[in-house]
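Quick note: the coordinates plus some simple rules give every number you see, no bench work behind them. On a predicted model such as this, the values are computed, not experimentally measured, just so you know. Cβ sites come from the backbone with ideal geometry, for glycine too, and all protein chains shown count toward neighbours.
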Amino acid sequence: MRIVILGPPGAGKGTQAKRVSKKYGVPHIATGDIFREIIASSSEIGKKVEKYVKSGELVPDEIVNKIVRERLSRPDCRDGFILDGYPRTVEQAKALDRALENAGEKLDLVIELEVSDDEIVRRLSNRRVCRNCGAIYHLINNPPKIPGKCDKCQGELYQREDDREDIIRNRLRVYRERTKPLIDYYLKRGILVKVNGNPKVNEVWEQIRKILDEQIALKSSRSDKLMDG
Ligand code: AMP
């Protein structure tokens, strides 16, 4: 299954994409995580992208497209993937279509998580991430057992620099201007499904799981028909 999960920052894309990856056995590819790793490596390219990520602006399309193209060409993506945080512009969506088309593939589904702005600010300003394994916590809804420490690996929890309220507002503005047009792009293609991202993690997950199970059933009945016919 080739899936894109779309939505404003803080909609829960990473949390849900990790669950999809685990249940359906597809790699979770998060461009934000890739950029944070590149920045931590203090390479030339890391220095180049750092200023964009820290201010909540988008990294230029040609840099992102190249990184994603390379990642998707690895063998673990042959049977599918879930892309989180990519595409973020119509240009990126077109580049993704081209890359898939060249490999004789196409996207199966785009999941849009819809969440109100107030809920996003509330979530992101309380978000903490494990520096070691990437697990995500919320200081009120899902706090770690020991403050500042990851339950899973005891790694140190930190607040992303771009999770400050002023930067969050900028990221929301960028989302509205640059990424929202993608919703129309995928609606027209008939592959977009909207999911209410406001409820608790498990409730959102139930909605997504149902949609994906239906999609898998549909795909297998289509291929049965092809074999019969
Ligand atoms: P995220 O973790 O998805 O919120 O991404 C963090 C930051 O990485 C974003 O605010 C952008 O600066 C950068 N970034 C991640 N994905 C993309 C993308 N597809 N296009 C441009 N910039 C991106």
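Data overview
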item	result
Every residue from the range 116-135 that is under 23 Å from residue 20 (Cα atoms) and in contact with a strand residue (DSSP E or B) (Cβ under 8 Å, 6 or more places away or on another chain)	123, 127, 128, 129, 130, 131, 132, 135
Exclusive hit being within 13 Å of the ligand (Cβ to nearest atom) and assigned to a helix (DSSP H, G or I), set 63, 29, 5	63
Unique match (being farther than 30 Å from residue 159 by Cβ and of a type in the set (Asp, Glu)) among 91, 57, 50	91
Single unsatisfied condition, residue 44 versus (1) over 18 Å from residue 171 (Cβ atoms); (2) within 13 Å of the ligand (Cβ to nearest atom)	(2)
Count - residues of the range 126-151 that are touching a residue at least 40 places away in the same chain (Cβ under 8 Å) and in contact with a Gly (Cβ under 9 Å, 6 or more places away or on another chain)	3
Qualifying residue in the range 30-45 (condition: surrounded by 20 or more Cβ atoms within 10 Å (Cβ to Cβ) and more than 21 Å from residue 9 (Cβ to Cβ))	no
Residue within the range 66-82 that is in contact with a Lys or Arg (Cβ under 8 Å, 6 or more places away or on another chain), under 19 Å from residue 113 (Cβ atoms) and outside any helix (DSSP H, G or I) present	yes
Answer residue from the range 176-187, given it is under 15 Å from residue 57 (Cα atoms) and within 11 Å of the ligand (Cβ to nearest atom) and is surrounded by the most Cβ atoms within 10 Å (Cβ to Cβ) among those	179
Index of the failed condition, residue 11 passing every other in (1) assigned to a loop (DSSP other than H, G, I, E, B); (2) of a type outside the set (Lys, Arg); (3) near the ligand (Cβ under 8 Å from one of its atoms); (4) in contact (Cβ under 8 Å) with a residue 40 or more places away in the chain	(3)
Where residue 142 falls short, out of the listed (1) polar (S, T, N, Q); (2) touching a Phe, Trp or Tyr at 6+ places or on another chain (Cβ under 7 Å); (3) farther than 17 Å from residue 180 by Cα	(2)
Filtered residues of the range 162-175 (kept if touching a residue at least 24 places away in the same chain (Cβ under 8 Å) and either farther than 18 Å from residue 54 by Cα or surrounded by fewer than 12 Cβ atoms within 10 Å (Cβ to Cβ) (or both))	165
Answer from 20, 115 - the residue that is in contact (Cβ under 8 Å) with a residue 12 or more places away in the chain, crowded, with 17+ Cβ neighbours inside 10 Å and under 25 Å from residue 169 (Cβ atoms)	115
